[in-house]
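The values are calculated or read from the model by the stated rules, or taken from the named source; none is laboratory data. Bear in mind the structure is a predicted one, so any value in this text is a computation, not a measurement. No Cβ is skipped: glycine too gets one built from the backbone with ideal geometry, and neighbour counts run over all protein chains shown. Only protein heavy atoms, including side chains, enter the accessible area calculation; ligands, DNA and RNA are left aside. Shrake-Rupley method; radii C 1.70, N 1.55, O 1.52, S 1.80 Å.
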Amino acid sequence: MEKFKRTVKRRITISSGMALLALVLGAYSIYSIITADISTATHSDGFVAGFQFGLIVSILVLSVIDIIKLSLTIKDETKLKLLYNKEHDERMKAIRSKAGMPLIAVTSVLLIIAAIIAGYINITVFYTLIIAVATQLSVSAVVKLYCMKTM
Amino acid sequence: MKTRIKELRKERKLSQEELALAVGTTRQTITSIEVGKYTASLVLAYKIARFFGLTIEEVFDFSEENEF
């Protein structure tokens with residue numbers, strides 16, 4: 001269990017780093033929105049900026065929740081054992097595997113990064129990539145829910 | 001697959017949560033095994049049987065598995 005405790009501590013550190021990065025990017029994003037030249041900005045520019053800001057806020061909120069949850073877990077041996085069991089549960093591993101995890105998560109992150117970059121060049125590509133991510137995550141979630149009901 | 005887990009658990013006045021914690025799995029998995037939705041792996045079946053001080057055959061009923 002000591003090894004898992006170290007893993008949890010490492011996750012808290014990573015989440016703290018992510019929260020800090022999101023905070024910096026969020027501040028920069030707000031600064032960019034405030035100082036942007038509205039007269040030359042298009043609707044697409046506003047949408048991409050809004051999407052990026054929403055993504056940053058989501059990362060910040062999720063990271064903070066993760067830090068709080070893991071910090072509470074690490075103090076309680078029973079909670080730590082429950083978390084270990086949950087993460088190493090063979091049934092959940094089988095369900096996640098059927099739902100395409102972790103490959104779906106990796107490709108989704110890559111597609112979101114690609115969408116943000118594409119957003120500066122072509123808005124149609126941006127929309128296409130975002131719809132692709134939303135679709136694959138939805139399909140994965142439906143498969144996961146179905147497997148959880150039947151397994 | 002039929003199992004005697006629920007019966008053995010009741011005899012020992014154990015909750016699903018307690019059994020799950022003892023054998024390193026989740027309450028949901030114990031529920032799924034008990035109702036026959038999920039077939040435990042050999043490792044988990046061994047852990048459950050060992051927890052009750054029995055053999056795998058005494059806890060899990062393999063008779064239906066041989067029917068085609």
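Taking 20 Å as the limit for the C-alpha separation, the pairs A:Lys5/B:Lys47; A:Lys93/A:Lys149; A:Lys9/A:Lys81; A:Lys144/B:Lys10 exceed it in the case of A:Lys5/B:Lys47; A:Lys144/B:Lys10. When you filter the chymotrypsin sites (Phe, Trp or Tyr not before Pro) in the range A:61-151 for DSSP loop state and at most 15 other Cβ atoms inside 10 Å of their Cβ, you are left with A:Tyr120. Rolling a 1.4 Å probe across the protein heavy atoms gives the range B:2-66 an accessible surface of 58 Å² per residue. A simple spin-label model places pseudo-atoms 7 Å from Cα toward Cβ; at A:Tyr127 and A:Leu62 they are separated by 2.5 nm. Compared with its chain on its own, the range B:17-32 contains the following residues whose accessible area drops by 10 Å² or more in the full protein assembly (probe 1.4 Å; ligands, DNA and RNA excluded): B:Glu17, B:Leu21, B:Gly24, B:Thr25, B:Thr26, B:Gln28, B:Thr29, B:Ser32.
Computed from the C-beta positions of A:Ser16 and B:Ser63 and an R0 of 45 Å, the FRET efficiency is 0.25 to the nearest 0.05. On the basis of the beta-carbon distance and an R0 of 35 Å, A:Met151 and B:Lys13 show a calculated FRET efficiency of 0.80. Once the range A:90-151 is represented by equal point scatterers at the alpha-carbon sites, with solvent omitted, what log10 I(q)/I(0) does the Debye formula produce at q = 0.25, 0.28 Å⁻¹? Listed by q, the Debye log ratios stand at -0.92, -1.05. At 1.4 Å probe size, with the rest of the protein present, what percent of the exposed accessible area of the protein assembly as shown is carbon and sulfur atoms? The value for the protein assembly as shown is 67 percent carbon and sulfur by accessible area. Compactness of chain B, taken as the C-alpha radius of gyration over 2.2 N^0.38 Å, stands at 1.02. The calculated FRET efficiency for A:Tyr28 paired with A:Lys69, based on their beta-carbon distance and R0 = 30 Å, is about 0.65. Buried surface for the A/B pair, taken as the accessible area of each chain alone minus that of the pair with a 1.4 Å probe, is close to 1100 Å² in total.
Here the protein assembly as shown is treated with +1 on each Lys and Arg Cβ and -1 on each Asp and Glu Cβ, and its dipole about the Cα centre works out to around 640 debye. Working note: 222 nm ellipticity from helices only, DSSP H runs with n ≥ 4, each -39,500 (n - 2.57), summed and divided by the residues of chain A, gives -31000 deg cm²/dmol to the nearest 500.
Computed on chain B, with alpha-carbon pairs under 8 angstrom and 6+ residues apart, the relative contact order is 42 percent.
Of the residues B:Leu8, B:Leu42, A:Ile104, the one whose Cα sits farthest toward the positive end of the charge dipole of the protein assembly as shown, with +1 on the Cβ of Lys and Arg and -1 on the Cβ of Asp and Glu, is B:Leu8.
With Cα atoms as the point set, the range A:1-88 shows a radius of gyration and Dmax of 18.3, 59 Å. The gain in end-to-end length when the A:Phe51 to A:Ile38 segment is fully stretched comes to 2.9 nm, 0.36 nm per residue minus the alpha carbon separation.
Working from Cα pairs under 8 Å separated by at least six residues, relative contact order for the range A:90-151 is 46 percent. Calculated on C-alpha atoms, the gyration radius of chain A divided by its Kirkwood radius gives an Rg/Rh of 1.06.
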